[in-house]
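The values are calculated or read from the model by the stated rules, or taken from the named source; none is laboratory data. Remember, it's a predicted structure, so these values are computed and weren't measured experimentally. Every residue, glycine among them, receives a Cβ derived from its backbone with ideal geometry; neighbour counts consider all protein chains shown. Ligands, DNA and RNA are stripped out before the accessible areas are found, and what is left, the full protein with its side chains, is counted by its heavy atoms. Shrake-Rupley method; radii C 1.70, N 1.55, O 1.52, S 1.80 Å.
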Amino acid sequence: MTNHTIHIKTKLENLFAQDFSNPTFPQLAEIYLEENDLSRARTVCQIGLQACPNNIDAQYILAKIELLDNNIVKAEKILKTSYDNNTFSEKIIKLLIEVRDELNRSKNET
């Protein structure tokens, strides 16, 4: 990790500590995810989503975390909830289709 990346991570951690609804919280979760620190990434997403429940980026990251933890049904639920809330996101829809295919869900329903 470069000094620049460490600086950005520290700055994002400070912003998040001051305000859980700060819109940069998905970036912090993404950094944790890249570091394979799934626990911290999940915590940041869950706390941030309590303050900003419609944050698409955080929902997507949380679904990816669940997939990495082999919680495919949990990931599907997160993605489906996001989709059902009429929040358009191409990456959410693509991942939802992939997850539903993996779970052998009905193609017609999907």
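Over the chain, with every protein chain in place, what whole percent of the accessible area is carbon and sulfur at 1.4 Å, could you tell me?
Of all accessible area on the chain, carbon and sulfur atoms account for 49 percent.
Subtract the Cα-Cα distance of I56 and I93 from 0.36 nm times their separation in residues, and report this length gain in nm to one decimal.
12.2 nm
Return the lysines within reach of K77: Cα separation strictly under 16 angstrom, same-chain partners fewer than 8 residues apart disregarded; answer none if there are no such residues.
K64, K91, K94
Tell me, what is the per residue accessible area of the chain in Å², probe radius 1.4 Å?
Result: 63 Å² per residue.
Pairs of alpha-carbon atoms within less than 8 angstrom and 6+ residues apart define the contacts here; what relative contact order does the chain have, in percent? Mind showing how you got there, number by number?
Values: 105 pairs, mean separation 18.3, N = 110.
Here the relative contact order equals 17 percent.
At a Förster radius of 25 Å, what calculated FRET efficiency corresponds to the Cβ-Cβ distance of A17 and N85, to the nearest 0.05?
Calculated transfer efficiency: 0.35.
Limiting things to C-alpha atoms, what are the Rg and the maximum Cα-Cα separation (Dmax) for region 59-110, in angstroms?
10.0, 28
Using helices alone, what [θ] at 222 nm do you get for the chain, with -39,500 (n - 2.57) per DSSP H run of 4 or more residues, divided over all residues and rounded to the nearest 500?
Taken over the chain, the calculation gives -23000 deg cm²/dmol.
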